[in-house]
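Everything below concerns the one structure shown next.
The values are calculated or read from the model by the stated rules, or taken from the named source; none is laboratory data. All values reported here derive from a predicted model rather than from experimental measurement. Cβ coordinates were reconstructed from backbone atoms using ideal geometry, including for glycine residues, and neighbour counts include every protein chain displayed. Ligands, DNA and RNA are stripped out before the accessible areas are found, and what is left, the full protein with its side chains, is counted by its heavy atoms. Shrake-Rupley method; radii C 1.70, N 1.55, O 1.52, S 1.80 Å.
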Amino acid sequence: MMRTSSPHSTVSWAALLGLALLVPSCGDSAKTTDTIVSENPNTADGQSGELKTLFESQEVAVNATVKDNLERRNAVNDGWPSELLHDTAKHQLKDLFHDLLDLNKATADLHHFLADDYSGCNELRPAGLKEVFSDSDMKVMRPDALATALLPAADFDQQCSNFRKPFTGADHLKADLKIVSVDREGDETFSTKMLVQAHGRRDGAALQTNIEWRVQWRGLPEDEHPKIRSIVVLSYEEFSAPQAMFADLTGHAFGEHEFFLSEFQRGAGDLYRQKDRLTGNSYMGWQGIAVGDVNNDGMEDLYVCQPGGLPNRLFLKQADGTTKEVAKEWEVAYMDNSRAALILDFDNDGNLDLAVSMGPGIAVKYNNGKGIFGQLTLLSCPGSAFVHSISATDIDQDGDLEIYACRYNRHSEAGSLGGGLPVPYHDANNGGRNILFLNEGRANPMSVGRFRDATVEYGPDVHNLKFSLASIWEDFDNDGDTDLYVTNDFGRNNYYRNDDGRYTDVADEIGLGELAASMGASAADFDQDGDVDIYLSNMFSSAGLRIVTQDDKFMSEERDRSKDFISHARGNFLLENSGDGKFKDVTDSAGVSLGRWTWGARFVDFNNDGFDDLYVPNGFITGPDTGDL
């Protein structure tokens, strides 16, 4: 309702300006009524205090496609009543955990979440928890077994109190939950399977409980507040860390740089469409870093790639832990859209050089050892597809390093998107062509800085039109030469085995042809059996898991092929090298699937116990987006 303060006007200027917003007719239209009212005594018809309709039945045209999209925001209209059940159940579960983690709230107040025919729950905090891992940094506890008997409503207070025990005296309590399946069981009952991470802090210590529940509900899709009929705990784990393993030194290392706040402390969305589109105006935070000692002082330095329109940065580490930014002086402050970099010795002179991807090409700058990256070699990739990531190894064993360039979409971000969508979605074969650049500098000193496209010659041009995001070189088959593993979004990954200098894609034959949304890979001998295993970074989507697993609705006539879509949503993969040339999926037994939307996970032995741990970065959008995975 608009209130007017002047006795000489009946509607505000803001209201009048709003009437000037016209939608051109371009399809089906929907009628709307815009009513503007005034409480001014001097109304349009002169009758004091009467609400007056000035405009009504205004016809606003809505494009048919837009109208259809708007209607599909309602899960029922879109043909997925299970999603409506999900929405109501998740709302109830969020409220339940909010109250459950409110240590000042009486457990008796939680009974209103229970249905009249509530049949019980097994132990919300299982008895007999045992320590399965402990060191100076953390402790993990799990039960030997889970109780199967359901305890009645009379025990619900005690079960809630038991659940709270690990968080006694803690603050900042919160629960993050994902519903991964919804099953309709009857006209008024359904069940959900969910993953929950409840966490908080006590006296500086981090606390977390990881649980998996199956909850049965009583309620119809249109019921806003379904009630819980039963809770079955499927898995339970408690974690505590007496102190933080890492200290944030960002301010100390970079705080003196005036540009750091404006360039590095903002999300990609803040900069989107704020720069020249010809440089690649991406809303994706796809820029990478490289680490290496470029000035031979014994301390590792840092090169940071930036979106087009912002200069790349080279930080030299100082003895006191601060950094000095020298990209301009070292002639590597490129403002092209840079996504990846390597700091390696490409000309074998003992100084670390720099390779950085810029749009559809790669610049190799050679370190002269005197505080400058001098000689420049440009590696040009045909077409407009941007180079997304780069890796290097000595494939011909001649003593110098080759470069492998992964490319994603066939078109640059500044160019046409026509034909750039993945087809088919689950196993696309219309992406950018990856390129293997052979370094010829070692064989002929006069040709230092010379690279040539050897992709066809060496073999990895087969199955080479994927949406590639990353690659790793390792001797996976223990035959003394390096093999190549390429992770692809929207489909099958590539494993190019090196057989006497010729690379052959045998991914499907040995268990590495996962159909997934692979973002990256890391390799290590995690089981310490003498061969190298692989951890794949993929997408976890609770919505995807709920939809794809519905046999009666999702591709019901093509169930065999629909299984290909499940791996796009299930999360990360741990693939164990069997030592016989094949790999097997041990993700579930190792408990390393859930990484949300993962990018570039890495094996690292953080606690120096001889076993490789996993660090899993995740997220899709930088910024406070509550819908992010």
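When you check residue 340 against the structure, is it among the aliphatic types (A, V, I, L, M) and within 26 Å of the chain's Cα centre (by Cα), yes or no? Answer is yes for this residue. Of the listed requirements (1) assigned to a loop (DSSP other than H, G, I, E, B); (2) in contact (Cβ under 8 Å) with a residue 40 or more places away in the chain, residue 85 misses just one: (1).
Considered as a group, the residues in the stretch 205-263 that are among the hydroxyl-bearing types (Ser, Thr, Tyr) and farther than 30 Å from residue 119 by Cα include one that is least open to solvent (accessible area, probe 1.4 Å), and that residue is 240. When the stretch 483-518 is filtered for residues that are within 27 Å of residue 438 (Cβ to Cβ) and assigned to a loop (DSSP other than H, G, I, E, B), the ones remaining, listed by number, are 493, 500, 501, 506, 512, 513, 518. Of the residues making up the stretch 117-166, those that are open to solvent by 30 Å² or more (accessible area, probe 1.4 Å) and assigned to a strand (DSSP E or B) number 10.
Any chance the stretch 390-408 includes a residue that's assigned to a loop (DSSP other than H, G, I, E, B), modelled with pLDDT under 80 and open to solvent by 20 Å² or more (accessible area, probe 1.4 Å)? No, the stretch 390-408 contains no residue that is assigned to a loop (DSSP other than H, G, I, E, B), modelled with pLDDT under 80 and open to solvent by 20 Å² or more (accessible area, probe 1.4 Å).
Here is the figure for the stretch 311-337: residues that are open to solvent by 30 Å² or more (accessible area, probe 1.4 Å), in a loop (DSSP other than H, G, I, E, B) and either more than 17 Å from residue 362 (Cβ to Cβ) or not acidic (Asp, Glu) (or both) total 8. Within the stretch 400-419, residues that are farther than 24 Å from residue 451 by Cα and among the hydrophobic types (A, V, I, L, M, F, W, C) reach partners that are outside any loop (DSSP other than H, G, I, E, B) and modelled with pLDDT under 85 with beta carbons closer than 8 Å, at six or more positions or on different chains, in the pairs 414/277; 414/278; 414/279.
Looking across the stretch 341-377, the residues that are modelled with pLDDT under 90 and either under 28 Å from residue 410 (Cβ atoms) or in contact with a Cys (Cβ under 6 Å, 6 or more places away or on another chain) (or both) come down to 358, 359, 360, 361, 376, 377. Inside the stretch 492-513, residues that are within 28 Å of residue 619 (Cα to Cα), in contact with a Gly (Cβ under 9 Å, 6 or more places away or on another chain) and open to solvent by 10 Å² or more (accessible area, probe 1.4 Å) make up a count of 1. Among the residues making up the stretch 489-510, those that are under 26 Å from the mean Cα position of the chain (by Cα) and in contact (Cβ under 8 Å) with a residue 60 or more places away in the chain are 489, 490, 491, 492.
Among the residues of this structure, residue 142 does not count as one that is touching a residue at least 60 places away in the same chain (Cβ under 8 Å), charged (D, E, K, R), within 15 Å of residue 89 (Cα to Cα) and in contact with a strand residue (DSSP E or B) (Cβ under 8 Å, 6 or more places away or on another chain). Do we find that residue 354 is within 27 Å of residue 250 (Cα to Cα), open to solvent by 30 Å² or more (accessible area, probe 1.4 Å) and touching a residue at least 12 places away in the same chain (Cβ under 8 Å) in this structure? No. If you go through the stretch 338-381 and keep only what is hydrophobic (A, V, I, L, M, F, W, C), out of contact with any Leu (no Cβ under 7 Å at 6 or more places or on another chain) and assigned to a strand (DSSP E or B), you end up with 340, 342, 354, 356, 358, 376, 378, 379.
Within the stretch 134-190, the set of residues being of a type in the set (A, V, I, L, M) and touching a Pro at 6+ places or on another chain (Cβ under 6 Å) comprises just one member, 146.
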